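Worksheet: the structure to be examined is printed underneath.
The values are calculated or read from the model by the stated rules, or taken from the named source; none is laboratory data. This one's a predicted model, so the numbers in the text were calculated from it and none came from an experiment. Here the Cβ positions follow ideal geometry from the backbone for every residue, glycine too, while neighbour counts run over all protein chains shown.
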Amino acid sequence: MRNAFIDTILTACREREDIFILSGDAGLGVFDDFKKDFPERFLNLGVAEQNTISFAAGLSMSGHKVLVYNIIPFLLYRCYEQVRNDICYQQLPIIMAGIGCGLTYAPQGMTHYSVEDIGIARGLPNLTVLSPADPIEAKSAALFALQSDAPVYVRLAKRGEPNLHTDHTLDIGQPLVLAEGERIAVLCHSVIAEEALKARTKLANVGIYPRIISIPMLQPMNKAALVEMLKDVRIVLSVEEHYVSCGLGALLLELVHEFGLNHTLLRLGLPDHFIHDIYNTAGMRAHFGIDANGIAAAVHRLLDQKIIPAGAEHAYPASLQP
Amino acid sequence: MKPLSDTAKEIRKTIIEMAHRSKSPHVGSSLSCADILTTLYFDTMRLDPWEQRDVFILSKAHAAMALYSTLAHKGIMSRPQIEGYYQNGGTLPAHLDRAPQCGVEVSGGSLGHGFNMGIGLAFGFKRKNQNRKVYALIGDGESQEGSIWEGALFAPKVGADNFTAIMDHNNLQGYGRPTQICCFDPMRDKWEAFGWHTLEVNGHDFEALRCALKEDSQGKPKMIIARTTKGKGVSFMQDQLIWHYYIVTDDHKHQALEELA
């Protein structure tokens, strides 16, 4: 996924003189070819995150299209105020490419996880927030970011994610149906979509066909389009590798309220605590009940009507284990 | 052309009037750097043609009244804009909201941002082969920000020799003296050790400021440590901690304008 995103940017660099890439001492090997071809358009600004973001803002004001690449906590958290004041407040068209969304880096430890970044980024007006599910969405996110005249934050994984879409011309601004289905819709963003599709394969064996929808653009989110996609289902399950309280789960509660939806809603994701558990990414997903098994089990429970009214529940995955 | 000292006096008068009308703080911080801004805008900086102008960034953005006043006297900002400063439904906030067309080049208010944006901007101008210089004014209190030293490490590395930082060293921050609050000195040695062309001048001596600003920086970014007096020009405000935050009353205004007459 990361490579699909970066390759799209690098291809654009061959046609656009104004693109400049800043790295915060991250991405070993990622920019090797670029540095060879365009040594004058790349800078490693080292382990100095505040300076990197402010420098990017200044460089952008001089008429460059700037991409800043770093691991998400060092792109968005360490230097949050620089992102807020220097990039977003001034509405500069900078691309912030964040690596290590969700639990990509497990088991590196909590400092390297990005399980609240959507909540943080959503508090920044002017900022488009993209959470692509596969390399095709990542490429589309890159194309969107390149033409945007406002700041764009893209959260990426880098574990060799497979293509989930077949349509290479998708519109990254819309909720996207990954698999058609009926009765129940499973909403997700980012790489957990792969688990949702695996769950769907399991469920298909017993005649259950949930509709799987990826929502790559979480800010601004096309809520009306999503509501339209949910018109013919009664049950909605959301899944994310992110805190439910400030991620898609929170967005859905807003949606329920704003549109007066009366769907049964269950929200899977990470509970609000710091993660001390030691697992790799797959192990973490199983542990928190957001892997294919956890998602399939939740679908079964929802269809068995062992359910809680919309908005009143807090999905706690342990209780949903089969 | 008017002597710079006369212009600076007019700029200070406008600062007092703005502070009085608005009841906003930071009048001492604004008076402190008035001579530096006067020298920059009325002597050093190229502002014509506007599209190719040199850029000044007020990184210590709490001294916004000094910038607004200077821009107004230079004819870049209008009288009504100045009159709407810090008013309900007004025109200008107490810290900076970017508006390049009227001289507010970057937003600011949180310390340790403008300095680093200035380095990026200067680097960008060089990359575009534009012969434009960037000046950033930082405070001595602001020099406690980690981001300042991140920028200090990198500006010489990226060859930003068109970037000049000026430190308004009045030795009074919000709640004390920088030289007592932290291990401030030797400040000049610090910047020299970081690879900057470093000068130290009297920040109220126009000729010294002019020379320092014009001096060739030998391929390095430049740091001018300008020794200043907070509240400069108004006797009862000079070097007084309280005038970081105090409000200008009718009596204060009357006396201050008399002294600046």
For the subset of the range A:47-70 comprising residues that are more than 7 Å from chain B (Cβ to nearest Cβ) and not β-branched (Val, Ile, Thr), which member is farthest from B:Lys133 (Cα to Cα)? A:Asn70
Taking the conditions exactly as written (surrounded by fewer than 18 Cβ atoms within 10 Å (Cβ to Cβ) and not in a helix (DSSP H, G or I)), does B:Asp189 satisfy them or not? no
Out of A:Arg41, A:Arg78, A:Arg2, which single residue is more than 30 Å from B:Arg53 (Cα to Cα) and within 13 Å of chain B (Cβ to nearest Cβ)? A:Arg78
Check A:Ile118, A:Ile95, A:Ile136 and return the single one that is touching a Gly at 6+ places or on another chain (Cβ under 6 Å) and either surrounded by fewer than 19 Cβ atoms within 10 Å (Cβ to Cβ) or of a type in the set (Val, Ile, Thr) (or both). A:Ile118
Does A:Asp149 qualify as being assigned by TED's automatic domain parsing to the domain that holds A:Tyr80, at pLDDT 95 or above, among the acidic types (Asp, Glu) and farther than 17 Å from A:Leu248 by Cβ? yes
Taking B:Met187, is it under 18 Å from the mean Cα position of the chain (by Cα) and among the hydrophobic types (A, V, I, L, M, F, W, C)? no
When you look at A:Val154, is it within 28 Å of B:Lys128 (Cα to Cα), surrounded by 21 or more Cβ atoms within 10 Å (Cβ to Cβ) and within 16 Å of the chain's Cα centre (by Cα), yes or no? yes
Test for B:Gln81: is it touching a residue at least 40 places away in the same chain (Cβ under 8 Å) and not aromatic (Phe, Trp, Tyr): no
Of the residues that make up the range B:56-66, is at least one away from chain A (no Cβ under 12 Å) and farther than 25 Å from A:Asn51 by Cβ? yes
May I ask you to say which residue of A:Thr111, A:Thr166, A:Thr104 is part of a loop (DSSP other than H, G, I, E, B) and surrounded by fewer than 19 Cβ atoms within 10 Å (Cβ to Cβ)? A:Thr166
Looking for something out of contact with any Leu (no Cβ under 7 Å at 6 or more places or on another chain), free of Cβ contacts under 8 Å to residues at least 12 places away in the same chain and part of a loop (DSSP other than H, G, I, E, B) - is there at least one such residue anywhere in the range A:31-42? no
Yes or no: A:Phe5 assigned to a helix (DSSP H, G or I) and either surrounded by fewer than 17 Cβ atoms within 10 Å (Cβ to Cβ) or in contact (Cβ under 8 Å) with a residue 60 or more places away in the chain (or both)? yes
